[in-house]
Each structure stands twice: as C-alpha cells, then as structure tokens.
Amino acid sequence: MTKMKKVCFVIALLVLAAGQMLPFMPGALPVLADEEHGQVAETYGAVTPDLVKKYGMVPIYPQDIKEGTYDVPVNSSSAFFKITDCKLTVKDGEMTAVMTLSSQSYLLLYMGKGEEATKAPASDYLEPEIVNGVSVFTVPVKALNQEFYCAAFSRKRKKWYDRLLLIDAASLPEGSVAFDLPDYDRIVRGIENLERSENGGQTTKTNEDVEKAAETYEAVDAVNIDLPDGEYSVEVNMTGGSGRASISSPTLMIVKNGQAYANLIWSSTYYDYMLVGDQKYLNESEEGGNSTFTIPIALFDGNMPVVADTTAMGDPVEINYNLTFYEATIGDKGLIPQVAAKKVLIFAALVIVVGGILNFFIKKKRKGR
C-alpha cells in the first residue's frame, strides 16, 4: 500500500468513527424520527386554550398539592381523543398522569405539538401499555388548571394530531390543595350574565365561538357497544349552525358487528353530504325527500363534531355541528317517530281492509235475505 493510500485509508476510518460517535457527542444533532413519523395532519379549526380552559384559571403546581394519587377528569380539545380514566400522582415535587384512552387508535404520544414531534428523536415518544384492549399512557404534568399540548400519532392515518389537554384542580378532594380555589364556573356565568345585560338579553357568542370546537379531520371508527346486532332508537342532540335546521330524535341506531351507527334524518332536503372526520357520507334519500345519512357514532354522551354541506343558499356551504348521542336513552326501534307513524298507517290500512271485508259480507248477507 502506497503512502498516499495509507493516508486516505486512515482518514476514511476517522470519518467513519466520527459518524458513529456523533449521536453520543454533547451538542450533537438529535437522531430524527423516521419518515413514518414525519407527517402532521392538517388542522380544521384552531386548537386553542378556550377549548379546555375556563376563564381566569391560574396554574396549580405540585408543591401546592398534597402528595397522593387522585382520580381526575381530563379536559380534551378533541372528541376523538377521549380519556375515560386518569389517575394523577403527586410525589417529590412532580406530577404524572396515567391516562386511559377509549381505544387503541393512537400508537404514540409526544408532549408538545405535532410539528415538534416530527423533528424529535424517537426516544422522546411515549408508547402505551395495552390494558383490557385499550391504550394507557403515562405522561408528565407540569401544572393543573394549565393547558398542555400533546401530539397523538394515529395508528390508521400515520399522522400526528395536535391535542390540547387540561386537568381541572377543582376535581381534587377538599383539603388536598394548599388554598381555596375560585369557583370558575360561577365566574363564567357572571360574565355571561353581564354580556346579556349589556346586549339586551343576548350573549355575544357567535357561530365562530361554537365552531372553535371543530376537530382535526381524521378517520372515525364507530364506537363498540355491548348489544346484539340489530336496530334500536337513541336520542340525539345537535348544536351549531344557525339553528334553523334540525335532525329527528330519537333516531335509528344500527348495531353491526358490535359497533354503533346512526341513521340521521334532517328537517331539510338541501344537505347533500356529511363529513365525519375525513370520511364523506352522501345523502341516501330519494329526490325531494328529507336528507338522510348513515354515519358512525364515534362516542356516547360527548360532543361529536361533524360537517354538513347544504345547498339551501345556492352555492354549497359546509357548516359545523356537534352531535351528542345519549347512551342511557337507547331503546326499542318503535320509539322512532317515523317507525311509529308507519305502524299507525299499517294499522289504519288493516282496519280499512278488515272493515271493507266485513262490510262486503254484511251487504252480501242482507241481499240473501
């Protein structure tokens, strides 16, 4: 080997060694997440603190809370990121929350925004423990009454979705916080009453305020339900829009393969499609009939955001609504107004037919006399 070749060989070894050592050197660039974790979902509507935080809330830090483990609710900016149980542990000046989700829809969490998650090392991602078929994540909590971002990586869409969470300190038992907390609900009611008095009995809330709860577009799976496959009734409430359109309640609930779907009938004939997450559902009614859609029920007893497109104003307009399906109201299909009306018509038809037959025999009998 010539002298020049030896020098080149040594330099190559040094470069290779430096490349291997780079991730372990202080101040080295982080190892970025692989391409699979490099996409962020487009946001429909703003994810803002107003979605989870009450007016006037101030942070409550661990040093102000008695050590222990507490059952606490978690306010979430997304109906698709539903936390069914959360245990908060306060110990040694730190807090952690063990959050149980309603499904296994998310593979990873990152404590921050989705854009940050795409650039973070994979070691910063939080993986779930699967318990009883659902995901359980353990996350650090800096303060209560303070919103914090949490990016969730969708199993199905392979994208990060921004979520905003908050744990309300008012849920802690009496005596666990070092000082008395304000009644934030009362403060909010006071502000709303003041607005009404200043605006002739009307609040200053607009449709834009309601639409702040609009969700990130995402595929939505029908919720699992412990009922035999078949047809049922369920009461549903709708908010949002101008308030002029409505949907029939109770509505038809279809259980198929252990999952719940709703057959919605609108008061208008002008709705041509609905969006639930990023899935479009077309109007099923015949021409001239009230707009009808069969959509998945994402959850019970909570706001489920949807979008409905109407042509009533000429040009198509997409309008944001929130649907709430009440699990305790699930009952017999016969409770649905349309089904009950059909039964009445069928009964009336039978009465007419039977009456006609009886009338025929009575007339025939009279003629035979």
(request) Quickly work out the Asp226-to-Glu174 label distance, labels modelled 7 Å from Cα along the C-beta direction, and quote it in nm with one decimal. (result) 3.4 nm
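So which of Lys91/Lys158; Lys82/Lys119; Lys159/Lys333; Lys82/Lys113 end up more than 28 Å apart by C-alpha? Don't skip to the answer; put the middle values down first.
Numbers: Lys91/Lys158 35 Å; Lys82/Lys119 26 Å; Lys159/Lys333 39 Å; Lys82/Lys113 18 Å.
Violating the 28 Å limit, Cα to Cα: Lys91/Lys158; Lys159/Lys333.
Hey, fewest Cβ within 10 Å first, where do Thr292, Thr239 land in order?
Ordered from fewest to most neighbouring Cβ atoms within 10 Å, Thr292, Thr239 come out as Thr239, Thr292.
What percent antiparallel are the DSSP beta bridges of the range 35-192, to the nearest 5?
Details: 37 of 38 bridges.
Taking every DSSP beta bridge within the range 35-192, about 95 percent pair in antiparallel fashion.
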(request) Specify which residue in the list Ser154, Ile60, Ser135 is farthest towards the positive end of the charge dipole of the range 35-192, using unit charges on the beta carbon of Lys, Arg (+1) and Asp, Glu (-1), about the Cα centre. (result) Ser154
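Please rank Tyr161, Tyr106, fewest neighbouring Cβ atoms within 10 Å first, as an exposure proxy.
Details: Tyr161 26, Tyr106 22.
Taking fewest neighbouring Cβ atoms as first place, the list is Tyr106, Tyr161.
Each value in this text was obtained by applying a stated rule to the coordinates, not by laboratory testing. Here the structure is a predicted model, which is why all the values come from computation and not from measurement. Reconstructed Cβ throughout: ideal geometry from the backbone, glycine too, with neighbour counts over all protein chains shown.
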